[in-house]
Amino acid sequence: MSTASSDSIAVHHQVSAELSNRILNELQRAARPVARSLNLSLAYVTDAGEQWLTADSLCSYSISDEHDRCCAGHKRTRIDLVCEGRPAGTALLCGDALTEDIRAAMASIIETITRQIEMENGETALLEELSSSWESLEAVYEISSDLRAFASPADLLDRIMTRATSFQEGLSAALWLERDGELEPVAMKNVDGLAARSKLGGLVGRAIAEKTGIILNGRNRVTGSLDIEPELCKAASLLVAPTETRQGLVNALVIWHEGSDRQFDSRTMGLAEALALQAAMVIENDRLYRASIESERLKQEVEIGGRIQQTLLLGQPPRDIDGLQVAALTVPSQRIDGDFYDFVRHNDQCMDVLVGDVMGKGIPAALLGAATKNCFIRATGALIAATGIAQLPRSEDIVSLVHEEVTRQFMAFDSFATLCYARFDLAESRMDFVDCGHTKTIHYGKSDDRCELLKGDNMPIGFVERESHAQVSVFFEAGDVFFFYSDGVTEAQNPAGEMFGQDRLCECVRANNHLDAEEMIMSVQRTIAAFSKSETFDDDLTCVAVRIANRKSKDTPLTEENMEISSDLKNLAPAREFVRRFCLEARIPSMSEDRIAEFELAMTEALTNICRHSYHGREDEMIEIRAVVAGDSVSIELLHGGDTFDPARVEAPAFDGSREGGFGIFIIQKTMDEVAYSEVESGRHSIRLTKKIKGDHTDGSND
């Protein structure tokens, strides 16, 4: 995203009505007050015409007029807008006060507007992607829940094809399987019949060969495809979703409709891919059942379940929350279990932990665990949407909503899930948790060097339909440890049949409290393996450790680098290069190319003032440059031994051109969050330029 100047070439931009309205509204909100205060004329121009936000009647002119002054003799300029890589119209500026500095300031405001719109569009796309992921997982769970109801693979495939044609009216679908060099239709819906064909030809064969989904929207695009299958020639739009299992089974789900103006998108592609993968699992499981002996079939089931556990059941612990060390470990058993855990980071001071276990073994238990975990994600999103992000939903409300959604399904399967849902609030130094029949969480207190077992009063999910969930609060301090685990940990047995038990686990946590979270759970694993005299277990060994750590001081530098130059203005270029390299190598997340340029500009103005006014043009004096990233800010400090400089004595710039000077201080103040002038030691002075780097753009502004 950027804005570019074009003072001599007039360009008409085709901009959508929605985008142009958003840009116009933001120009009225942010740019018009500034233009008015500077007595500038401001217009927004697209192919639909000109809209003047502030204007003198004598300044009005056509975009096709390429003169650099209007009929009133005012200087004018154009600023082309670019949003998400596409032209987004032109801003016109006209007025006597239109200096290069004013033009640069107005361009920065307009650039901020397009950047904010891009961020909002990105958030919308992310929400759509998350919604698509939830729908895909729901589709997998919906089909998987029918494993007991349908006896044959054909019935399951028919269920999948029905689901594939249910999200729009008038859809047709076909499932092709690669077998012995041919593409064989193995299931279809709303189709009279299909014939096998070579896998090397056709649109389906191309999608499988390239391992990439294909979407063709519009009859012209469909008929324009040279390798389109005969039965798809009448389609108005179509998609092809190819999948391949780890065992090498390849298939493709094709969905299309005729005589309709509906179109497919990435959301429907995600759903189709999920259904195609489910169909592949059905076919693959049937193939294993028919072609393998029982032991081989069980081995394949374990592998499939392991993939399900790794991809759907086990979340990734956050690594960068200041004040929390989080680690998780699962040692799979020889059977597929329903252990699951996940982590939800709300902000830099708040994180939720979910640890659970579904009763039963095998793929059904794993899928129920995945569905339960997904329900927590959806429940949290629904409650946040209802209450607003400013007030996070309580842990007990999230668990209650999940209970309402899944209890009947669990009861229908004669199953249930134990779980613990905990929220860590660093601002309040408090952990709120809801325990639903899970193993007792261990809380190691650093102050008294002892472990306490935490337990709530709620029944497991799916045990009873009516349940009132209540959360329990526990306060913590630096050095405390919270240890969540499955019953596979405490029920691990030694050769004599003795269980490891809670007492040994508590002592292990207490003895290893000085270790970080990851080292602690590895030590627990080694201790259990030594006790049981085995590296494998009858049940999954799952544990999650959360260690409360000392928070880093905001004054502690994370990155620091120095440079020294002489007061010769020729050294401005290497100084700018030093600042740019520092910002890039420090990998500051919010330090965009535009923000680095602002740092370079502000530092250039400050260095110029030191050379000209503090050292009075002498070129052999020294200036030290210090670049520091500390806490939530990045600073460039300029240290010199010249005369002191008081910015308060510098008059504000005259934007009408009546007086020169003052623009350097104006630019520094406008581009930096903080500017500090001070005497650091006798005869040595400092100019510190600072920008904030945390919570960037949260208020919709550039700073």
Item to check | Among (1) more than 31 Å from the chain's Cα centre (by Cα); (2) over 14 Å from Q168 (Cα atoms); (3) not small (G, A, S), the one test that W256 misses | outcome: (2)
Checklist entry - Going through the stretch 171-210 one residue at a time, which ones are among the charged types (D, E, K, R) and touching a residue at least 60 places away in the same chain (Cβ under 8 Å)? => result E178
Checklist entry - Taking into account only those residues within the stretch 615-656 that are of a type in the set (D, E) and modelled with pLDDT under 90, which is nearest to R688 (Cα to Cα)? => result D646
Checklist entry - Taking the condition in the same structural domain as N285 (by TED's automatic domain parsing), closer than 30 Å to D414 by Cα and exposed (fewer than 14 other Cβ atoms within 10 Å of the Cβ), does D180 pass? => result no
Next on the checklist: Go through the stretch 150-189 and report how many residues are modelled with pLDDT under 85, of a type in the set (G, A, S) and within 16 Å of G202 (Cβ to Cβ).
Outcome noted: 1
Checklist entry - Of the residues that sit in the stretch 360-372 and are buried (at least 18 other Cβ atoms within 10 Å of the Cβ) and out of contact with any Gly (no Cβ under 7 Å at 6 or more places or on another chain), which one is modelled with the highest pLDDT? => result A371
Next on the checklist: Of everything in the stretch 477-495, what is at pLDDT 95 or above and among the hydrophobic types (A, V, I, L, M, F, W, C)? Give them in sequence order.
Outcome noted: V481, F482, F483, F484
Item to check | Odd one out for V402, checked against (1) within 23 Å of F537 (Cα to Cα); (2) of a type outside the set (S, T, Y); (3) buried (at least 21 other Cβ atoms within 10 Å of the Cβ) | outcome: (1)
Item to check | Candidate set from the stretch 504-553 (those that are touching a residue at least 40 places away in the same chain (Cβ under 8 Å) and of a type in the set (G, A, S)); member that is surrounded by the most Cβ atoms within 10 Å (Cβ to Cβ) | outcome: A545
Checklist entry - In the stretch 494-503, how many residues are surrounded by fewer than 17 Cβ atoms within 10 Å (Cβ to Cβ) and touching a Ser or Thr at 6+ places or on another chain (Cβ under 7 Å)? => result 4
Next on the checklist: One residue is enough: does the stretch 674-692 have a residue meeting the conditions modelled with pLDDT of 70 or more, under 30 Å from E118 (Cα atoms) and either touching a Pro at 6+ places or on another chain (Cβ under 6 Å) or of a type in the set (A, V, I, L, M, F, W, C) (or both)?
Outcome noted: yes
Item to check | Identity of the residue in the stretch 349-403, of a type in the set (V, I, T) and in a strand (DSSP E or B), that ends up farthest from the chain's Cα centre (by Cα) | outcome: V358
Checklist outcome for this item: Restricted to the stretch 588-619 and to residues being touching an Asp or Glu at 6+ places or on another chain (Cβ under 8 Å) and surrounded by fewer than 19 Cβ atoms within 10 Å (Cβ to Cβ), the residue nearest to L572 (Cα to Cα) is E619
Checklist entry - What number goes with the only condition from (1) under 19 Å from A280 (Cα atoms); (2) crowded, with 16+ Cβ neighbours inside 10 Å; (3) modelled with pLDDT of 85 or more that E210 does not pass? => result (2)
Item to check | Residue in the stretch 567-584 that is assigned to a strand (DSSP E or B), over 27 Å from the mean Cα position of the chain (by Cα), modelled with pLDDT of 90 or more and more than 13 Å from V628 (Cα to Cα) present | outcome: no
Checklist entry - Being surrounded by 19 or more Cβ atoms within 10 Å (Cβ to Cβ) and either part of a helix (DSSP H, G or I) or at pLDDT 85 or above (or both), is that true of even one residue in the stretch 190-199? => result no
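The values are calculated or read from the model by the stated rules, or taken from the named source; none is laboratory data. None of these values were measured; they are calculated from a predicted model. So basically every Cβ, Gly included, is an ideal-geometry build from the backbone, and we count neighbours across all protein chains shown.
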